[in-house]
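The values are calculated or read from the model by the stated rules, or taken from the named source; none is laboratory data. Remember, predicted model here, so these are calculated numbers, not experimental data. Cβ coordinates were reconstructed from backbone atoms using ideal geometry, including for glycine residues, and neighbour counts include every protein chain displayed. Just so you know, the surface numbers come from the protein's heavy atoms only, side chains and all, with ligands and any DNA or RNA stripped out. Shrake-Rupley method; radii C 1.70, N 1.55, O 1.52, S 1.80 Å.
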Amino acid sequence: CKPFDEDRNGLNIGEAAATIIYGRADSVGDNWIVAEGAIRNDASHISCPSKKGDGSYRALRYVLKDENIDNLAFVNVHGTSTLYNDEMESVALTRAGLKDVPVNTLKGYYGHTMGAAGILETILSMASIDDNTILATRGYENCGVSCPLNITNYNRTSDKKHFVKLISGFG
């Protein structure tokens, strides 16, 4: 599993369980808040995403409408290591003006956990922000998509406290 890499050869299946419990807080303090969320569908094809990344682009445009992208530590993407998904995400991120923001995906560590992927990666992203760390994308060495991104292939430090979680699906 080598997300976005020119030598990638498909995804690895993983298994996990993860839970986030949302609640109301009188003040933000040290608590995490969900600033925005969006679900968009491009209804492109039953087994592959839109080549232009339409659904992901529209979701990103919506959640970033009031956000200064300079405040983002990173974008944690779906990053399945498949040709169609990685390409679509690179196009969507570029269209959304995020090509220079650090990007990571965590599936190189534990595979694609199917139903738990979004929640698990959100929890790990929150922990990395709390630790002032942008986690590396395991397996990434050389760009294998048409729209080069700022893929994090080593752990970086950051004092920024905002991130975007992008989860992609099709069908």
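Could you give the accessible area per residue of the chain, probe 1.4 Å, as a whole number in Å²? Show your work: numbers first, answer last.
Working: 9550 Å² over 171 residues.
Roughly 56 Å² per residue, with all protein chains present.
Of Thr122, Ala96, Pro148, which is farthest towards the positive pole of the chain's charge dipole, taken about the Cα centre with +1 and -1 on the beta-carbons of Lys, Arg and Asp, Glu respectively?
My answer, from the dipole projection, is Ala96.
In whole Hz, what ³J(HN,Hα) sequence does the stretch 36-51 give by Karplus (6.51, -1.76, 1.60; θ = phi - 60°), x for Gly and Pro?
Each residue of the stretch 36-51 in turn: 6, x, 7, 10, 9, 10, 9, 6, 6, 7, 5, 10, 7, x, 4, 5 Hz.
What do you get for chymotrypsin sites (Phe, Trp or Tyr not before Pro) in the stretch 61-107 restricted to DSSP loop and a cutoff of at most 11 other Cβ within 10 Å of the site's Cβ? Intermediate values should be presented prior to the final figure.
On the way: sites: Tyr62, Phe74, Tyr84; in loops: none.
Here no loop site has a sparse enough neighbourhood.
Would you mind computing, in nm to one decimal, how far apart the modelled labels at Ser47 and Arg24 are, each placed 7 Å from Cα along Cα→Cβ?
Between Ser47 and Arg24, the simple spin-label model gives 4.8 nm.
Specify whether the C-alpha gyration tensor of the stretch 1-93 places it in the rounded, prolate or oblate class, a ≥ b ≥ c being the square roots of the eigenvalues: rounded for a/c under 1.5, otherwise prolate if a/b is larger than b/c and oblate if not.
Prolate, because a/c is 1.5 or more and a/b exceeds b/c.
Pick out which of Ser50, Ser158, Ser27 has the largest mean-square fluctuation in a Gaussian network model of the chain, springs linking Cα atoms closer than 10 Å.
Highest fluctuation among the options: Ser27.
Per the 1.4 Å probe, what fraction of the accessible area of the chain, in percent, lies on carbon and sulfur atoms? It would help to have the intermediate numbers written out before the result.
Working: 4710 of 9550 Å².
The computed percentage sits at 49.
So which residue, out of Val77, Val145, Val63, gets the largest mean-square fluctuation from a GNM of the chain using Cα contacts under 10 Å as springs?
Val63
Can you tell me the Rg and the Dmax, both Å, for the Cα atoms in the chain?
Expressed in Å, the Cα Rg and Dmax of the chain come to 15.2, 49.
Only Cα pairs within less than 10 Å get springs; with that Gaussian network setup on the chain, which residue of Gly29, Gly37, Gly144 has the largest fluctuation?
Ranking Gly29, Gly37, Gly144 by mean-square fluctuation puts Gly29 first.
Setting aside same-chain residues fewer than 8 positions from Lys160, which lysines have a Cα under 25 Å from its Cα?
List returned: Lys65, Lys99, Lys107.
Hey, what angle do you get for helix 117-130 against the long axis of the chain, alpha-carbon based, 0 to 90 degrees rounded to 10?
Long axis of 117-130 versus the principal axis of the chain: about 50 degrees.
So if R0 is 30 Å, what FRET efficiency would Ile33 and Met114 give, r being the distance between their Cβ atoms, rounded to the nearest 0.05?
Here the calculated transfer efficiency is 0.65.
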